[in-house]
Amino acid sequence: KVSSVLFNSGVDVVTPNGLNVKKFSAMHEFQNLHSTNKTRIQEFVRGHFYGHLDFNLDRTLFFFIAGRYEFSNKGADIFLESLSRLNYLLRVHRNDLTVVVFFIMPAKTNNFNVESLKGQAVRKQLWDTAHTVKEKFGKKLYESLLTGNIPDMNTILDRDDLTIMKRAIYATQRHSLPPVTTHNMLDDSEDPILFNVRRIGLFNSRNDRVKIIFHPEFLSSTSPLLPMDYEDFVRGCNLGVFPSYYEPWGYTPGECTVMGIPSVTTNLSGFGCFMEEHVSDPAAYGIYIVDRRFKSAEESCNQLTQFMFSFCQQSRRQRIIQRNRTERLSDLLDWRYLGRFYTHARHLALSRSFPDKYKMDNKGHSVLSSQTEGFRYPRPASVPPSPSASLHSTPHHSDEEDDDDEPYNEEEEAERDRLNIKAPFMLGSVPEGKKNKMQTGNQDKHV
């Protein structure tokens, strides 16, 4: 539409952005990387919520939004409102699940929040205390067993050990709520995220099932607070939420996809439109697309809330299977394939600027057109034969969810891919679906 208004012509080539998938490739280890990095995030959460850690971390999901601090364009406004409604739904349904949401957006700060640093220091001190007592306990137990005696558990810990543990417990007492932000904000009262957090009343209280952590700096492995690179952090989360109101492409959900992490995007972003066109059921592959083009803000907010609530209702096994499906879309975003659109655009421009030297046939095919035909979506080697049987690629299942016996068949999954995932059409030609619509006059959307 913009092209027709400014240049009086239609769009010749759409050039989607790709990723260097090889950089993110972890083969069959991506499930293990998720488990490892999730443990690191859990350690940070233990420190941040010390004194109020009354929720089960094994029943906690980690959501995040990251990018430039554009409150409305990045969809942080609709995300916060949806989190308020999600918190209500989880409380009404008496769900014991907890959702910890990270906002990774750089803002003006002057230093780390003292309370946040104290939390990590208290956690480390508690860990050191537990390790010291464990060493003494293990030594006494070992010596007792060597003599052929079962130790008396009432006397194996002496008075000094009990005193040390009581001091550690006393240090975890807290009379204030865990902070929402990890840094001291320069403009706390006018900050859009903090202003809306106050409006919706999500202050990390004990009754809230949704907890918020605003980290107003990009992540770094050298940080004394959350020492993780962005890639490791993404791998440890369960869901990336990017409900952008304006996004020409959107690398953040694409990065989640190639790392096997489900994400939320919109049909106002290039990535969301690309997935709608090439995957017939994006939600089954962990790509949730919020309709912000044809629905009102209220309807979009309800849809986003429903996506997140449905995700929270999945069992651990279902989330593992979904991550496998998400990671299969990696090759669809590889520069090896999407770069060909740029090559075609360049040859098209050269043929029009220098028609004597660069020729294009009647269908708009360049000299390299033979290299762009026959795109076939391969199945990545990271797909295990079964999430329940592949112990090296799948973390251990929790006991309460082992009875969830959802069928998983490799051949059925392969057939699902063949039916649901479309390859980008041949460059310079009209997609078959659009050709049929022009011939029949059918106005239904081609997905």
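The values are calculated or read from the model by the stated rules, or taken from the named source; none is laboratory data. Note that the coordinates shown come from a computational prediction; the quantities given were computed from them, not determined experimentally. Every residue, glycine among them, receives a Cβ derived from its backbone with ideal geometry; neighbour counts consider all protein chains shown. Note: areas computed on protein heavy atoms with side chains; ligands, DNA, RNA excluded. Shrake-Rupley method; radii C 1.70, N 1.55, O 1.52, S 1.80 Å.
One residue is enough: does region 349-359 have a residue meeting the conditions assigned to a helix (DSSP H, G or I), more than 29 Å from GLY75 (Cα to Cα) and open to solvent by less than 20 Å² (accessible area, probe 1.4 Å)? Scanning region 349-359 turns up at least one residue that is assigned to a helix (DSSP H, G or I), more than 29 Å from GLY75 (Cα to Cα) and open to solvent by less than 20 Å² (accessible area, probe 1.4 Å).
Counting only residues that are in contact with a strand residue (DSSP E or B) (Cβ under 8 Å, 6 or more places away or on another chain), part of a helix (DSSP H, G or I) and farther than 27 Å from ARG91 by Cβ, region 284-329 holds 2 of them.
No other residue among ILE169, ILE200 is open to solvent by 90 Å² or more (accessible area, probe 1.4 Å), closer than 23 Å to PHE55 by Cβ and hydrophobic (A, V, I, L, M, F, W, C) apart from ILE169.
Condition test on ARG46, is it within 28 Å of GLY270 (Cβ to Cβ), of a type in the set (Lys, Arg) and surrounded by 15 or more Cβ atoms within 10 Å (Cβ to Cβ)?
Values: within 28 Å of GLY270 (Cβ to Cβ): no; of a type in the set (Lys, Arg): yes; surrounded by 15 or more Cβ atoms within 10 Å (Cβ to Cβ): yes.
When the stated conditions are applied, ARG46 does not pass them.
Which of the following residues is within 24 Å of HIS52 (Cβ to Cβ), hydrophobic (A, V, I, L, M, F, W, C) and out of contact with any Ser or Thr (no Cβ under 8 Å at 6 or more places or on another chain): VAL180, VAL122?
Numbers: VAL122 fails: out of contact with any Ser or Thr (no Cβ under 8 Å at 6 or more places or on another chain).
The match here is VAL180.
Taken together, GLU70, GLU43 contain a single residue that is in contact (Cβ under 8 Å) with a residue 24 or more places away in the chain, farther than 14 Å from LYS211 by Cβ, charged (D, E, K, R) and in the same structural domain as THR266 (by the TED database), which is GLU43.
Taking region 3-39, which residues are open to solvent by less than 90 Å² (accessible area, probe 1.4 Å), free of Cβ contacts under 8 Å to residues at least 60 places away in the same chain and part of a helix (DSSP H, G or I)? Listed by number, the residues that qualify are SER3, SER4.
The numbered conditions (1) in the same structural domain as GLU299 (by the TED database); (2) surrounded by fewer than 19 Cβ atoms within 10 Å (Cβ to Cβ); (3) over 18 Å from the mean Cα position of the chain (by Cα) are all true for SER220 except (3). Every condition in (1) over 29 Å from the mean Cα position of the chain (by Cα); (2) open to solvent by 50 Å² or more (accessible area, probe 1.4 Å) is met by PRO151 except one, and the failing one is (2).
Of all residues in region 292-306, those satisfying the criterion of being without any contact (Cβ under 8 Å) to a residue 40 or more places away in the chain and surrounded by 15 or more Cβ atoms within 10 Å (Cβ to Cβ) are GLN303, GLN306.
Just one of PHE79, PHE71 is at pLDDT 90 or above, closer than 17 Å to PRO262 by Cα and either in contact with a Pro (Cβ under 9 Å, 6 or more places away or on another chain) or not in a helix (DSSP H, G or I) (or both); which is it?
The match here is PHE79.
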